[in-house]
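Structure record follows, encoded as structure tokens.
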Amino acid sequence: MTFNVIPGSILIIGALLVPLLRGRIQAGYMLALPVLSLWSLLGWPYGEYGQIAFFDYNLTTIRVDKLSLVFGIIFHIAAFLSVLYALHVRDNVQHVAGIIYAGSAISAVFAGDLISLFVYWELTAVSSAFLIWARRTERSYQAGMRYLIIQVTSGLFLLAGIIFHFQESGQIAFNFLGMSDLGTKLIFVAFGIKCAFPLLHNCIQDAYPDATVTGTVFLSAFTTKLAIYALARGFPGIGMLI
């Protein structure tokens with residue numbers, strides 16, 4: 001028997017309770033979060049769910065299909081292994097930020113519209129920056145700020161692209177986008193920044209070495225991989241990717 005909640009939400013909400021726990025109870029609780037989240041995910045049949053009225057349009061907060069399910073399962077496995085590795089440190093900042101980061105990446109994978117994607121896109125940016133700042137050095141603070149600026153810039157390109165694409169097509173569904181208008185081209189750039197395209201990859205070289213070791217484990221598992229999913233969803237077969 002399974003129970004249905006928004007994929008990733010168990011991790012996002014559950015992370016807020018981590019600082020209230022201690023010792024083995026905290027460790028067991030943290031490991032249980034990705035397991036429970038995956039269990040919940042496997043209860044969703046293929047389809048679109050979680051429609052929310054947004055002006056004259058409906059947001060599709062949950063879209064389960066073969067592509068999202070594959071990435072969702074992989075992200076849950078990565079979340080479990082990252083949390084398992086994180087147990088050797090006693091730092092609630094890293095624990096909370098890492099679990100929220102994993103949860104927001106999972107939620108983004110199942111977003112069926114561009115607005116929902118944008119919300120989780122930015123949540124991954126903010127939560128991941130704390131994994132760099134958690135090292136608590138002046139250098140890590142500066143690297144984290146630069147990383148955050150780059151990631152938020154990706155979000156701004158995404159938001160601008162959504163607005164232009166909506167004006168051009170009247171659509172906000174996150175399906176195949178192509179390079180049909182200015183909006184989709186801006187969205188492509190947003191995905192490219194997060195994916196660390198050549199000449200856009202410097203934030204990784206800058207930030208990852210200055211993050212905590214646990215932080216680097218989380219960072220390497222989700223940021224660019226979420227962008228790979230977004231490119232596979234929105235721009236499959238685009239020659240520029242080659």
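The values are calculated or read from the model by the stated rules, or taken from the named source; none is laboratory data. Bear in mind that the values here come from a model prediction, so they are computed numbers and not experimental data. Here the Cβ positions follow ideal geometry from the backbone for every residue, glycine too, while neighbour counts run over all protein chains shown.
From the list 185, 194, 225, pick out the single residue that is surrounded by fewer than 20 Cβ atoms within 10 Å (Cβ to Cβ) and within 18 Å of residue 123 (Cβ to Cβ).
Details: 185 fails: within 18 Å of residue 123 (Cβ to Cβ); 194 fails: surrounded by fewer than 20 Cβ atoms within 10 Å (Cβ to Cβ).
Criteria check complete, one pass: 225.
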Yes or no: the stretch 43-53 includes at least one residue that is buried (at least 23 other Cβ atoms within 10 Å of the Cβ) and either part of a strand (DSSP E or B) or within 18 Å of the chain's Cα centre (by Cα) (or both).
no
Looking at this structure, is residue 111 assigned to a loop (DSSP other than H, G, I, E, B), under 15 Å from the mean Cα position of the chain (by Cα) and buried (at least 24 other Cβ atoms within 10 Å of the Cβ)?
yes
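Is it the case that residue 17 is surrounded by 12 or more Cβ atoms within 10 Å (Cβ to Cβ), free of Cβ contacts under 8 Å to residues at least 24 places away in the same chain and not β-branched (Val, Ile, Thr)? If you could, list the steps in order and put the result at the bottom.
Details: surrounded by 12 or more Cβ atoms within 10 Å (Cβ to Cβ): yes; free of Cβ contacts under 8 Å to residues at least 24 places away in the same chain: yes; not β-branched (Val, Ile, Thr): yes.
Yes; evaluated as a whole, the condition is true for this residue.
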Tell me, which helices (runs of 4 or more DSSP H) wholly within the stretch 172-242 include 1 or more residues that are within 25 Å of residue 110 (Cα to Cα) and at pLDDT 95 or above?
182-195, 213-234
